1. Residues of region 111-134 being touching a helix residue (DSSP H, G or I) at 6+ places or on another chain (Cβ under 6 Å), outside any loop (DSSP other than H, G, I, E, B) and under 26 Å from residue 208 (Cα atoms), which ones?
2. Return the residue satisfying two criteria in turn: it lies in region 217-239 and is more than 21 Å from the chain's Cα centre (by Cα) and part of a loop (DSSP other than H, G, I, E, B), and of such residues it is surrounded by the most Cβ atoms within 10 Å (Cβ to Cβ).
3. Any idea which of (1) surrounded by 23 or more Cβ atoms within 10 Å (Cβ to Cβ); (2) without any contact (Cβ under 8 Å) to a residue 24 or more places away in the chain; (3) not small (Gly, Ala, Ser) is the one residue 169 doesn't satisfy?
4. Hey, among the residues in region 281-332 that are among the hydrophobic types (A, V, I, L, M, F, W, C) and within 24 Å of residue 9 (Cα to Cα), which one's surrounded by the most Cβ atoms within 10 Å (Cβ to Cβ)?
5. Which members of region 298-328 meet the condition of being within 19 Å of the chain's Cα centre (by Cα) and among the acidic types (Asp, Glu)?
6. The conditions are (1) under 18 Å from residue 35 (Cα atoms); (2) under 21 Å from the mean Cα position of the chain (by Cα); (3) open to solvent by less than 20 Å² (accessible area, probe 1.4 Å), and residue 142 fails exactly one of them. Which is it?
7. Can you say whether residue 109 is within 30 Å of residue 153 (Cα to Cα), of a type outside the set (Val, Ile, Thr) and more than 18 Å from the chain's Cα centre (by Cα), as far as the supplied structure shows?
8. Considering only region 241-253, I want to know if a residue exists there that is open to solvent by less than 20 Å² (accessible area, probe 1.4 Å) and within 24 Å of the chain's Cα centre (by Cα).
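The values are calculated or read from the model by the stated rules, or taken from the named source; none is laboratory data. As the structure is a prediction and not an experimental result, all values here were calculated from the model. Because the Cβ atoms are built from the backbone with ideal geometry, glycine has one as well, and the counts that use them run over all protein chains shown. The accessibility values were calculated without ligands, DNA or RNA, using every heavy atom of the protein model including side chains. Shrake-Rupley method; radii C 1.70, N 1.55, O 1.52, S 1.80 Å.
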Amino acid sequence: MKIITVIGARPQFIKAAVVSRAIRQMALHGIDMQEFILHTGQHYDDNMSDLFFRQLAIPVPRWHLNCGNNMEEMKAAIRPVLESERPDIVLVYGDTNSTLAGAETAHALYIPIAHIEAGLRSFNDSMPEEHNRIVTDRLSTWLFCPTRTAVENLKREGITRNVFHTGDVMYDATLLFTPEEDQQQAILQHFGLTSKHFALATIHRASTAENISALSAIFEALAQLPVPVLLPLHPHTAKTVQQNKILQDLLNLSQNIRLIRPVGYIEMLALEKHALYILTDSGGMQKEAYFQHTPCITLREETEWIETVDAGWNRLAGTDTERIRKAVELPFAKQPITDFGDGRSAQQIIQILCPNDR
């Protein structure tokens, strides 16, 4: 069995690390399974791409397309690869443009599609990611859901065939890659931080990163928090800041916000674990916050990961300064969540795709 995995963005690299490892383990046990990675180039900065491949021991991509984030360029570049290779399965992750480009191209060539992280819904139709999720789910042959809510979302849309609740491969990755305590302490020392005496923030979604008003409100809130805030600045957000003097002045005048370049996954796991709380517009970090038992304030009005809100680990605050400030002050209920699996989601997925008796 030949699998071509299409990836292009940081969250997909993390998920691919554990799934690719599971595929290699199956091959070592005599199962006829090969994976080749196609990197669209959606994330091209070293800290957003190459560093992750090195840290997580992801196989070197056979194809690197350097398409940036242009969907049509991706599809045009993916098609000749799939036509030439004719894989048995095209594997895609999540909800990025790389996800949809891979799925639409495979579907046009009648190649079965496996979608990992299927069934997520924010119910915000203005999000490009929502469109990408819905269309990819419609096109997929296998739909691997990280939560029971995702399974129910698909059921409501009439999708029930080959739908599997396997848990979340991001939880697998957290268990596998969270560094040992001495390495965690070394990372904190590198940044001059003390455990549980700082907040960690990330901002990357276009709806926020390109919105000067939203960024201003968020920066004002971060400046008012009772602990220092470490903010690894995403290239998308950095570009907006560089082009706007108001945002530059807000950051320059704040004694509370410390800007750094994006960090690797290992460093981010340690920072997430030791932060007092996390503020983010990232879906993945909402989960990672829970996996590291760190409260989260989501800088959006909705979430795909409603389980984290219902269990009291996550709070929606939007981009309003006062709401963000109050969200930090209120206590968190913090109940356990069982939906994310036991750390063996990747193995379950690969066994479904290629059972031993096939």
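1. The one that is touching a helix residue (DSSP H, G or I) at 6+ places or on another chain (Cβ under 6 Å), outside any loop (DSSP other than H, G, I, E, B) and under 26 Å from residue 208 (Cα atoms): 132.
2. 225
3. (2)
4. Here the answer is 296.
5. Once the filter is applied, which keeps residues that are within 19 Å of the chain's Cα centre (by Cα) and among the acidic types (Asp, Glu), region 298-328 yields 301, 302, 304, 307.
6. Unmet for residue 142, out of (1) under 18 Å from residue 35 (Cα atoms); (2) under 21 Å from the mean Cα position of the chain (by Cα); (3) open to solvent by less than 20 Å² (accessible area, probe 1.4 Å): (3).
7. yes
8. Checked region 241-253: at least one residue is open to solvent by less than 20 Å² (accessible area, probe 1.4 Å) and within 24 Å of the chain's Cα centre (by Cα).
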